[in-house]
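Reviewing the structure listed below.
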Amino acid sequence: MNRRKFALASGASLAALALAACSPKTETPAVASTAPASAANDSGAPLTPKDAYDLASKANGFTIGQMMAANTVYVFFDPTCPHCAELWGASKPLLNKLKMVWIPVGLLRPSSGPQGGTILSAADPAKAMQENEDSVLSRGGGITANPSLSEDTVAKVKANTDTFSKLGADSVPLIVFKNAKNGEFGQHAGALDTAGLAALTGI
């Protein structure tokens, strides 16, 4: 099965499981999709799914789950996105099999970047993320941003946002993955439930 066919098959099998994604263009939830907008490398050539995975692997995030897992999943998230919070919760039952890198971007609101930097630079990023996602799901606005973020931290979130754009994405959460069963690479824009994430990643 070639990559194109895999992407289409994934879209068909996961359509019923996909929730929604948040996009700054509409300021309302966007329809989830496995087909991101066209993405290109620095020379303008189209990114292959493997190129996209390699690019995501260079972003600045924090890691949770099974550290020795052969399969790593990259998730670009905005701290103000409720669908990112849903995906965070849905991923927890899989963390004994899956290694996940959560990558904050500043996409939806002016507070997104500072909140992402606060999570990324926390002594315990996973704990800070949980605090943020609990707040977002209860419509509390997320974690209180650290007013004294270092220039390095601010630059990391900006670089993540630039990488997100290079991937051709315009909504969060964005999942960049390698399927553990067939070795195929892909991207999925939008939250998934636990079963959908397991199917997407092949675990």
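Here, each number is a calculation from the coordinates, and none is a lab measurement. Nothing here was measured: the structure is a model prediction, and the numbers come from that model. Cβ: placed from backbone, ideal geometry, glycine included. Neighbour counts: every protein chain shown.
List of remarks:
- Zone of ASP54's modelled label, taken as backbone nitrogen in the range 138-169 under 18 Å from a point 7 Å along Cα→Cβ: 163-164, 166-168
- Sorted peptide list for 158-166, 182-190, criterion being average Cβ within 10 angstrom, highest first: 182-190, 158-166
- Label-point separation in nm, LEU137 to ALA123, each point 7 Å along Cα→Cβ: 2.5
- Rg and Dmax of the range 135-203, Cα atoms only, in Å: 15.8, 45
- Inter-label distance, LEU95 to ASP162: 3.1 nm, where each label sits 7 Å from its Cα along the C-beta direction.
- Cβ crowding within 10 Å averaged over residues, with 97-103, 52-58, 79-85 ranked highest first: 79-85, 97-103, 52-58
- Beta bridges per DSSP with both ends in the range 47-203, % antiparallel, nearest 5: 65
- Each peptide in 192-201, 168-177 was scored by the mean count of other Cβ atoms within 10 Å over its residues; highest first, the order is 168-177, 192-201.
- Cubic angstrom per residue, convex hull over Cα atoms of the range 80-203: 104
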